[in-house]
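First the structure, in the form of structure tokens, and then the observations on it.
The values are calculated or read from the model by the stated rules, or taken from the named source; none is laboratory data. Worth saying up front: this structure is predicted, and the values here are computed from it rather than measured. A quick note on method: Cβ atoms are made from the backbone with ideal geometry, for glycine too, and the neighbour counts reach across all protein chains shown.
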């Protein structure tokens, strides 16, 4: 997870001087001739890995989604081709559409909260003195480092109905209805806790990335705008934001895509329950396939997720390649 | 700057300034608190005796400290086993992706060959692979090829999860090492591989370090595949899965659960603190320098 996260962080500019389209070492005809079969041998394991562990599973998912594939076919084989029957079943299932709607709500709430909070934290961090800034950045990194399953367990403890510190704090503040409030028994409450957990875990990456983007805004621009009489908000809108816009877009796309990674938090915390209250698409797919033994329907739901995601992915790649200017 | 001057109006201005910065510092304090409290609460609960954990008014600083919960967690059935499973899978995946990623990165950064652009594009796409949506086919393929319940399967999956990032980052690092250095070594009689090993590899050390640490964290934390690919042979579970089920077995023993969480989180937190310089100040200073 974190490996992918690191990608969007702009690397120190000084580290990559003068990268133009042809690789530096390959300039000239001679080195191309000398390369011979070597590059292919070097990338072969990576290509094989991608083919077997990514392309093949994806193709297999497509195939299964067009078959009648249940427990019997899993054990005995001989799955029958049924065309779009699984997709028809899926799309005519009202539960599926509720899950899709919930997925979008979950995504929207998460992404908006993450982006707004991260932007505020980044702007704040930029204005802080050295000591405070170090303190904020260090604690962001620490929260970021917290393993997902550990953080999920801790949040369950924080929101424990009897001895949870949150219920204690709310009761002390005078909200007596929160005494022994069973957060995980109520759909909306469980949903809210999951949103809180995902936001808590996602803000650090977004804030640190946006902060490092903010530091690239030239100080002279601020200076001259202030001399010209621009207010703080005007500077933010007309100077700061245009400069950091590409990074904001990248982070936004990543956060949208990473919504689906909340699978782990949801599975560990609620398994999609109570009832269906926290079931989003990947959870629905796995439940259908592995718990309900409808591997065909599960695969179809997974592919629906991929299709939903790919729109955002295309946006992400366009933005990134515009940034990278080199492949 | 105004603080150094002893003039009263200036000093008054500095007080005003400090007052105006108050909301800013309050915000900073709130951020620090919100980020750290869950981590702090986990550790503190782990060190508190059970009767203090199960009290209606929480103690924010424990009066008495105990290691009892850590003892419970460590002595829980199979803890050492799951720990070593996690370590084995993680180290295996990281080493594999370092070796293979390094080769691929070298080919991409230093050689010109047909299909290079397509390969780089594929790596970028692979980095965004929808792993959450591939659980079902991977499960079925693993079942068909008799690879369920094996640590090797997990190692391979984690290798593939970390490989794209490793390749992309190492490519960036290799591209910054002047090829003339290696060419000079080859003029002096080194083979291409020898030149790479003696000249480029030492310069790559920070890149190798960063990618292996990030790979370590990814593999160490992974839950979904570990949960669905290790089913029958429970001895082959990894720590995250164990922790998620620990809660069910030790349902009411939150002290032990928090101790187990702490033990599980510790390596990741440690690695991140080691990396912190690269993550924050490195980024910031790099951005300033550029």
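Numbers at a glance
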item: Of residues in segment B:125-145 being facing chain A (nearest Cβ under 7 Å) and not in a helix (DSSP H, G or I), the one farthest from the chain's Cα centre (by Cα); result: B:134
item: Of residues in segment B:53-71 being more than 10 Å from chain A (Cβ to nearest Cβ) and crowded, with 18+ Cβ neighbours inside 10 Å, the one modelled with the highest pLDDT; result: B:70
item: Qualifying positions in segment A:276-291 - surrounded by fewer than 20 Cβ atoms within 10 Å (Cβ to Cβ) and at pLDDT 85 or above; result: A:276, A:277, A:287
item: Verdict on residue A:243 being farther than 30 Å from residue B:241 by Cα, over 21 Å from the mean Cα position of the chain (by Cα) and within 13 Å of chain B (Cβ to nearest Cβ); result: yes
item: Boolean, residue A:270 is in contact (Cβ under 8 Å) with a residue 60 or more places away in the chain, more than 9 Å from chain B (Cβ to nearest Cβ) and surrounded by fewer than 24 Cβ atoms within 10 Å (Cβ to Cβ); result: yes
item: Residue within segment B:98-110 that is in contact with a helix residue (DSSP H, G or I) (Cβ under 7 Å, 6 or more places away or on another chain), free of Cβ contacts under 8 Å to residues at least 60 places away in the same chain and buried (at least 24 other Cβ atoms within 10 Å of the Cβ) present; result: yes
item: So residue B:133, is it out of contact with any strand residue (DSSP E or B) (no Cβ under 8 Å at 6 or more places or on another chain), touching a residue at least 40 places away in the same chain (Cβ under 8 Å) and either crowded, with 16+ Cβ neighbours inside 10 Å or over 30 Å from residue A:169 (Cα atoms) (or both); result: no
item: Among the residues listed as A:264, A:240, the single one being under 24 Å from residue A:191 (Cβ atoms), touching a residue at least 12 places away in the same chain (Cβ under 8 Å) and surrounded by 14 or more Cβ atoms within 10 Å (Cβ to Cβ); result: A:264
item: Single condition residue B:43 does not satisfy, out of (1) in a helix (DSSP H, G or I); (2) more than 21 Å from residue B:269 (Cα to Cα); (3) not assigned by TED's automatic domain parsing to the domain that holds residue B:243; result: (2)
item: Verdict on residue A:322 being part of a helix (DSSP H, G or I), more than 8 Å from chain B (Cβ to nearest Cβ) and over 24 Å from the mean Cα position of the chain (by Cα); result: no
item: Subset of segment A:128-159 (residues that are at the interface with chain B (Cβ under 7 Å from one of its Cβ atoms), closer than 18 Å to residue A:271 by Cα and more than 22 Å from the chain's Cα centre (by Cα)); result: A:157
item: Helices (runs of 4 or more DSSP H) within segment B:205-290 that include 3 or more residues at pLDDT 85 or above and closer than 29 Å to residue A:260 by Cβ; result: B:224-229, B:239-249, B:254-276
item: Meets criteria (more than 8 Å from chain B (Cβ to nearest Cβ), touching a residue at least 24 places away in the same chain (Cβ under 8 Å) and touching a helix residue (DSSP H, G or I) at 6+ places or on another chain (Cβ under 8 Å)) for residue A:230; result: no
item: Any hit, segment B:196-208, residues being more than 26 Å from the chain's Cα centre (by Cα), in contact (Cβ under 8 Å) with a residue 40 or more places away in the chain and crowded, with 19+ Cβ neighbours inside 10 Å; result: yes
item: Residue in segment B:175-194 that is surrounded by fewer than 16 Cβ atoms within 10 Å (Cβ to Cβ), closer than 30 Å to residue A:291 by Cβ and more than 7 Å from chain A (Cβ to nearest Cβ) present; result: no
item: Hits in segment A:51-74 - residues which are more than 9 Å from chain B (Cβ to nearest Cβ), closer than 18 Å to residue A:290 by Cβ and over 26 Å from the mean Cα position of the chain (by Cα); result: A:67, A:68, A:70, A:71, A:72, A:73
item: Boolean, residue B:122 is within 9 Å of chain A (Cβ to nearest Cβ), within 30 Å of residue B:229 (Cα to Cα), assigned to a helix (DSSP H, G or I) and touching a helix residue (DSSP H, G or I) at 6+ places or on another chain (Cβ under 7 Å); result: yes
item: Single residue of B:265, B:256 found to be within 30 Å of residue A:141 (Cα to Cα) and within 11 Å of chain A (Cβ to nearest Cβ); result: B:265
